[in-house]
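Enquirer: I have a structure I would like to understand better, so I am pasting it below and will then ask my questions one at a time.
The values are calculated or read from the model by the stated rules, or taken from the named source; none is laboratory data. Note that this is a predicted model, so its numbers are computed, not measured. Every residue, glycine as well, gets a Cβ built from its backbone with ideal geometry; the counts of neighbours run over all protein chains shown.
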Amino acid sequence: MSITLKLAWKSLLNRKTTALLTILTVAISVILLMGVERIRTQAKSSFANTISGTDLIVGGRSGQVNLLLYSVFRIGNATNNIDWKSFEEFSNHRSVDWAIPISLGDSHRGFRVMGTNHSYFEHYQYGQKQHLSLAKGEEFDGLFETVIGSDVAKSLGYDIGTEIIIAHGISDVGFSRHENTPFKVVGILAPTGTPVDKTVHVSLEAIEAIHVGWESGANLGNEPSKEQLLQMDFQPKQITAMLIGLKSKIQTFALQRQINTYKQEPLSAILPGVALHELWGMMSVAETALLIVSVFVVVAGLMGMLSSLLTSLQERRREMAILRAMGARPRHVFTLLVSEATVLTSIGIICGIGGMYAMLAIAAPIITANYGINIALSGITSHEWMLLGFVQLAGVIIGFFPALRAYRQSLSDGMTIRI
């Protein structure tokens, strides 16, 4: 360690309280800057990884963001349903490799219920083309069997064999529950970090069965018993949306155009990637606002450090004069003060990084549970290193201002400074 850094370190130790407060200010600003950046990038990644390997999402005629939100993220409701005959026609299309029907509209204690078939467990992909897997149990086979997401099982304490009651609509209230048709949990999916974790999965036939005797969300009073329903044969009449995988990507736009101009009923076919890009573009204003706020917090922290250094400089004029009298040149004094600012900023950055990881370790499970955003405690990215580099550079530049003032002072201050 050079003599200048030793002097800077000793000087900071002599002013512990001021130095610690300055470091704390810089650390808090770095925590906010890095935390916002980490959550922003991880949120974007989580949104992008929610669905993978799906070429088209088809639903009733609506905007592509709305269709994406209710079919993939389970947010909101469909404007119209799709006739089952339309699903059969397009699922058997020569260019379609597989098709997954989705039926939404019911819920269980705040979690969405989704009707589907075995194609969902076979073909649905998320992340880097990862398939769904069961942590426990098996796929549903009986009419009143269900496979639940990991968050549903964890939040409600469910396990294999638990019986649950599904409610009509999003609001799970007494008069809307299908009390006479309890479902048995036969499978629990492994965590995915997507809305799948917050979904209760049942068969399409089960969705039809529990609504026998119901009309427009009301129980008409002639609801059959569970035993009677088990004797019936159910065929879906309508679904909410469908996910399509094609044999060749080249056929994507041709099939999309054919679906969008389908004469039997008004349908919309969207590309998930394009819709995700539009969705993120809508959120970019909030994203930019958060980044600007965090930058201003960093600036405020550095301004606090500048204020502290300038204030302490007035109290250290005698110290500077003694250093000059002992042979220190003006450039030595200049370097000393810049070194102090550099050390304070560096320690503040290190503390800020540690604080960020500590806070993310605590907040990550909460964010994942409540918002479905998976925050990975990964290493610092090149972009984050660049941001930290800018903070360090700004701290060094801040040190130039008190250093220049001290540089201009001379031995004329003498050993008898008037205060």
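Enquirer: Please find, among ALA135, ALA78, the residue that is touching a helix residue (DSSP H, G or I) at 6+ places or on another chain (Cβ under 7 Å) and part of a strand (DSSP E or B). Spell out the reasoning first.
Expert: On the way: ALA78 fails: part of a strand (DSSP E or B).
After applying the criteria, what remains is ALA135.
Enquirer: If a residue has to be within 20 Å of the chain's Cα centre (by Cα) and aromatic (Phe, Trp, Tyr) to count, how many in the range 118-132 make the cut?
Expert: 1
Enquirer: Separate question: Kindly provide the set of residues from the range 17-35 that are under 25 Å from HIS383 (Cα atoms) and surrounded by fewer than 20 Cβ atoms within 10 Å (Cβ to Cβ), ordered by number.
Expert: Of everything in the range 17-35, those that are under 25 Å from HIS383 (Cα atoms) and surrounded by fewer than 20 Cβ atoms within 10 Å (Cβ to Cβ) turn out to be LEU24, ILE28.
Enquirer: Now a separate question. Kindly evaluate MET242 against the criterion of being modelled with pLDDT under 85 and not charged (D, E, K, R).
Expert: When the stated conditions are applied, MET242 does not pass them.
Enquirer: Here is a follow-up. Just to be sure before I move on: is TYR371 closer than 30 Å to THR192 by Cα, aromatic (Phe, Trp, Tyr), in the same structural domain as ILE23 (by TED's automatic domain parsing) and at pLDDT 85 or above in the structure I sent? Let's see the steps before the verdict.
Expert: Values: closer than 30 Å to THR192 by Cα: yes; aromatic (Phe, Trp, Tyr): yes; in the same structural domain as ILE23 (by TED's automatic domain parsing): yes; at pLDDT 85 or above: no.
Taking the combined requirement at face value, the residue does not satisfy it.
Enquirer: Are any residues in the range 57-75 within 18 Å of TYR124 (Cα to Cα) and either of a type in the set (Phe, Trp, Tyr) or assigned to a loop (DSSP other than H, G, I, E, B) (or both), and if so, which ones? If you could, list the steps in order and put the result at the bottom.
Expert: Keep residues of the range 57-75 that are within 18 Å of TYR124 (Cα to Cα), which gives 57-59, 67-74.
Once the filter is applied, which keeps residues that are within 18 Å of TYR124 (Cα to Cα) and either of a type in the set (Phe, Trp, Tyr) or assigned to a loop (DSSP other than H, G, I, E, B) (or both), the range 57-75 yields TYR70, PHE73, ARG74.
Enquirer: Also, quick follow-up: Identify, from the list THR79, THR50, THR54, the residue that is touching a strand residue (DSSP E or B) at 6+ places or on another chain (Cβ under 8 Å) and free of Cβ contacts under 8 Å to residues at least 60 places away in the same chain. Can you show your working first?
Expert: Values: THR50 fails: free of Cβ contacts under 8 Å to residues at least 60 places away in the same chain; THR54 fails: free of Cβ contacts under 8 Å to residues at least 60 places away in the same chain.
Sole residue among the options that is touching a strand residue (DSSP E or B) at 6+ places or on another chain (Cβ under 8 Å) and free of Cβ contacts under 8 Å to residues at least 60 places away in the same chain: THR79.
Enquirer: For the range 23-61, which residues satisfy the criterion of being out of contact with any helix residue (DSSP H, G or I) (no Cβ under 9 Å at 6 or more places or on another chain) and either at pLDDT 85 or above or of a type in the set (Ser, Thr, Tyr) (or both)?
Expert: If the condition is that a residue be out of contact with any helix residue (DSSP H, G or I) (no Cβ under 9 Å at 6 or more places or on another chain) and either at pLDDT 85 or above or of a type in the set (Ser, Thr, Tyr) (or both), then SER45 is the only one that fits.
Enquirer: I would also like to ask the following. From PHE111, PHE121, PHE47, which residue is of a type in the set (Phe, Trp, Tyr), on the phi < 0 side of the Ramachandran plot and in contact with a Lys or Arg (Cβ under 6 Å, 6 or more places away or on another chain)?
Expert: Numbers: PHE121 fails: in contact with a Lys or Arg (Cβ under 6 Å, 6 or more places away or on another chain); PHE47 fails: in contact with a Lys or Arg (Cβ under 6 Å, 6 or more places away or on another chain).
After applying the criteria, what remains is PHE111.
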